[in-house]
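Report on the structure given below.
The values are calculated or read from the model by the stated rules, or taken from the named source; none is laboratory data. These numbers come from a predicted model, not from an experiment. When we count neighbours, we look across all protein chains shown, and the Cβ atoms used for this are built from the backbone with ideal geometry, even at glycine.
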Amino acid sequence: MGKPVLHFWGGYKMKMHTLHYILAYHGLQGEVDVVGDIPAPAPFGDGVAWAAYAPKGPTGSLPCMVTAGGAILGESMAIVRYVCRHLKLDTALSDEDFAQSEYLLETTNEVYLALNKAHYSPGGRTEAMDALFKPGGMVHKLLASLDARVGPAGWLGPQGVPTPGDLALCAALHILAGLQPDVLDAHPKVKARYDAVHAIESIAHVNRTYPALYHKRTSD
Ligand SMILES: N[C@@H](CCC(=O)N[C@@H](CS)C(=O)NCC(=O)O)C(=O)O
């Protein structure tokens, strides 16, 4: 069996940023080959290069992964979960930690979906992003709930270890902070965990490798 191969296009900080954080935190970047991940801003969706690009996922979108066994896998969070299982990153977790990790993976996906919706809001991006980031809005409600629940070590699960979900969330927080630099200020425990993760050189390297935000905070 070969290594899993990740195919993406454009190199933006999108959902695959979560996978890069998980791999980098554990020093496992070499366990997944990354292909087609050319520097942003590469157009997608309407270019000749996009049309010609192969492989794509089952519904013709990217990212996709060719698994170690040669299957084509679509959907970012399925790719994250597959790689975590393949690299046995969640097998040592207790059921309770696994549950919290799954919660955070789904929560991370919800953050990306909310950002996508606001980014493309027909009523205006600035207004939609304002609603997302306002006090009591989706982002601060989530951060307040996490701040109340993280353990002494800064991770969500009872074992106090960095689960895939904890690390994926850090990637989503990085995007939120890129759009709204003060977003974590009212959430000290989450901010402390965020700062500690971002002081790690391999994580900083991920962000040097993929510097471009896909989402914008205001209308063009
Ligand atoms: N639900 C998918 C969405 C993937 C997605 O929207 N990919 C975009 C590029 S970032 C795409 O392929 N758009 C073109 C298309 O779907 O034809 C995921 O989470 O991976």
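Tabulated data for the structure shown
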item	result
Count of the stretch 1-37 residues which are among the aromatic types (Phe, Trp, Tyr) and modelled with pLDDT of 95 or more	2
Output for the stretch 65-92, where each listed residue is more than 8 Å from the ligand (Cβ to nearest atom), modelled with pLDDT of 95 or more and part of a loop (DSSP other than H, G, I, E, B)	Thr67, Ala68, Gly69, Gly70, Ala71, Leu87, Lys88, Leu89
Count of the stretch 10-40 residues which are aromatic (Phe, Trp, Tyr) and either buried (at least 23 other Cβ atoms within 10 Å of the Cβ) or out of contact with any Pro (no Cβ under 8 Å at 6 or more places or on another chain) (or both)	1
Residues (closer than 12 Å to Gly165 by Cβ and among the aliphatic types (A, V, I, L, M)) located in the stretch 89-110	Leu89, Leu93, Ala99, Leu104, Leu105
Total residues in the stretch 100-134, condition free of Cβ contacts under 8 Å to residues at least 12 places away in the same chain and away from the ligand (no atom under 14 Å from the Cβ)	7
Yes/no for Ala168 being over 14 Å from the mean Cα position of the chain (by Cα) and either farther than 28 Å from Gly124 by Cβ or hydrophobic (A, V, I, L, M, F, W, C) (or both)	no
Test set (1) assigned to a loop (DSSP other than H, G, I, E, B); (2) out of contact with any strand residue (DSSP E or B) (no Cβ under 9 Å at 6 or more places or on another chain); (3) modelled with pLDDT under 95 - Leu62 fails condition number	(2)
Cross-chain or 6+ apart pairs with Cβ under 6 Å, the stretch 1-30 first and of a type in the set (Phe, Trp, Tyr), then within 16 Å of the ligand (Cβ to nearest atom) and assigned to a helix (DSSP H, G or I)	Phe8/Met16; Tyr21/Ala171
Residues that are in contact with a helix residue (DSSP H, G or I) (Cβ under 7 Å, 6 or more places away or on another chain) and either exposed (fewer than 15 other Cβ atoms within 10 Å of the Cβ) or not β-branched (Val, Ile, Thr) (or both), drawn from the stretch 118-141	Ala118, His119, Ser121, Arg125, Ala128, Met129, Leu132, Phe133, Gly137, Met138
Members of the stretch 135-151 found to be of a type in the set (A, V, I, L, M) and either part of a helix (DSSP H, G or I) or within 16 Å of the ligand (Cβ to nearest atom) (or both), listed by number	Met138, Val139, Leu142, Leu143, Ala144, Leu146
